[in-house]
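The values are calculated or read from the model by the stated rules, or taken from the named source; none is laboratory data. Remember, predicted model here, so these are calculated numbers, not experimental data. Neighbour counts run over all protein chains shown; Cβ positions are idealised from the backbone, glycine included. Remember, those area values only see protein heavy atoms, side chains included, never the ligands or the DNA or RNA. Shrake-Rupley method; radii C 1.70, N 1.55, O 1.52, S 1.80 Å.
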Amino acid sequence: MTPARRWMLPALSGRQRLGAALLVLLLAFAWLVPWLSDADPARQQLTRILQLPSLAEPLGTDHLGRSLLARLASAVQLSFGMALLSVVSAAVPGLVLGVIAGWRGGWLDRVLGSLADACLALPGLLLVLLLVAIAPGNFWALYVGISLVLWIEYFRVVRARTRILVTTPQLEASRLLGFGPLYLFRRHLWPELAPQVLTLAAFGAASAILAMAALGFVSVGLRPPTAELGLMMIELLPYYHEAPWAMAQPIVVLFVLVLSLNLLAGRDPR
């Protein structure tokens, strides 16, 4: 296998192409709506409460007369931004520590493994709730809590895979030829770790979005008037009989967003 081939990611399967297409459509919606429209997601118009979709408001308005189109676009931006930030913050230390533990072994491996086990001893959602309770309604408390939960998955998977890869003849030969750790990682470890890390990243992003929506739905996440999918659901829930179309919108957007990430992470069996 040539070096160029080793750096190529596997071709997307049918379900992954569908997931990528759905995600691109959602992100295009989230970033094009503010650019094409001057609607403010926080602006209240009490004379336009629960209006049906129209040319002026393609998705209608909520119980405070706010534009659902603008609020959904802002909510997708917030959810995806939180997910991306959490995944990067979890993947980088998880990957680095996993490679170090799997490569070096010994006492360092035991210490890092014990740290991961200690984090696992506390349920992930409970850890997020504790941090949110310390700083209620704070975006950064939510972000730190989700990141602390996600990094363990990367660490454990990468450590287990690295233990196997460091014993391969190819890596041993490169090491005997005098190549440094960075070259060995780039040439031998990362091409093998990338598919698993990227799959974990897609699932982790979906988990972060669901966690954020769940906390918003039980009113312990972000605070009004922030446009967030879980918060929008609980705000519109009392008006389900009057405006079921308004209640359904954040649910459908959350479903499609999580579905797209899960499809993108999935792989067809070989």
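Would you confirm, using the coordinates I've provided, whether ALA201 is surrounded by fewer than 14 Cβ atoms within 10 Å (Cβ to Cβ), small (Gly, Ala, Ser), out of contact with any Lys or Arg (no Cβ under 7 Å at 6 or more places or on another chain) and in a helix (DSSP H, G or I)? The answer is no for ALA201. The numbered conditions (1) within 30 Å of ALA133 (Cβ to Cβ); (2) modelled with pLDDT of 95 or more; (3) open to solvent by 70 Å² or more (accessible area, probe 1.4 Å); (4) of a type in the set (Val, Ile, Thr) are all true for VAL253 except (3). For the range 151-182, enumerate the residues that are among the hydroxyl-bearing types (Ser, Thr, Tyr) and under 26 Å from ARG110 (Cα atoms). TYR154, THR162, THR167, THR168, listed by residue number.
Inside the range 239-257, residues that are touching a residue at least 12 places away in the same chain (Cβ under 8 Å) and either among the aromatic types (Phe, Trp, Tyr) or part of a helix (DSSP H, G or I) (or both) make up a count of 11.
Among the residues of the range 158-181, those that are of a type in the set (A, V, I, L, M), open to solvent by 60 Å² or more (accessible area, probe 1.4 Å) and at pLDDT below 90 comprise LEU176, LEU177. Scanning the range 17-31 for residues that are within 17 Å of LEU59 (Cα to Cα) and free of Cβ contacts under 8 Å to residues at least 12 places away in the same chain, we see that the one that is surrounded by the fewest Cβ atoms within 10 Å (Cβ to Cβ) is ALA28.
Which of the helices (runs of 4 or more DSSP H) contained wholly in the range 33-144 include at least 1 residues that are touching a Phe, Trp or Tyr at 6+ places or on another chain (Cβ under 8 Å)?
Of the helices (runs of 4 or more DSSP H) lying wholly inside the range 33-144, those with at least 1 residues that are touching a Phe, Trp or Tyr at 6+ places or on another chain (Cβ under 8 Å) span 68-104, 106-121.
One line per residue, one yes/no per condition, for (1) out of contact with any His (no Cβ under 7 Å at 6 or more places or on another chain); (2) open to solvent by 10 Å² or more (accessible area, probe 1.4 Å); (3) farther than 27 Å from ALA248 by Cα:
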{"residue": "LEU64", "(1), (2), (3)": "yes, yes, no"}
{"residue": "SER67", "(1), (2), (3)": "yes, no, no"}
{"residue": "SER74", "(1), (2), (3)": "yes, yes, no"}
{"residue": "GLY105", "(1), (2), (3)": "yes, yes, yes"}
{"residue": "TYR143", "(1), (2), (3)": "yes, yes, no"}
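The set of residues in the range 85-107 being more than 14 Å from ALA211 (Cβ to Cβ) and of a type in the set (A, V, I, L, M) consists of VAL88, ALA91, VAL92, LEU95, VAL96, LEU97, VAL99, ILE100, ALA101.
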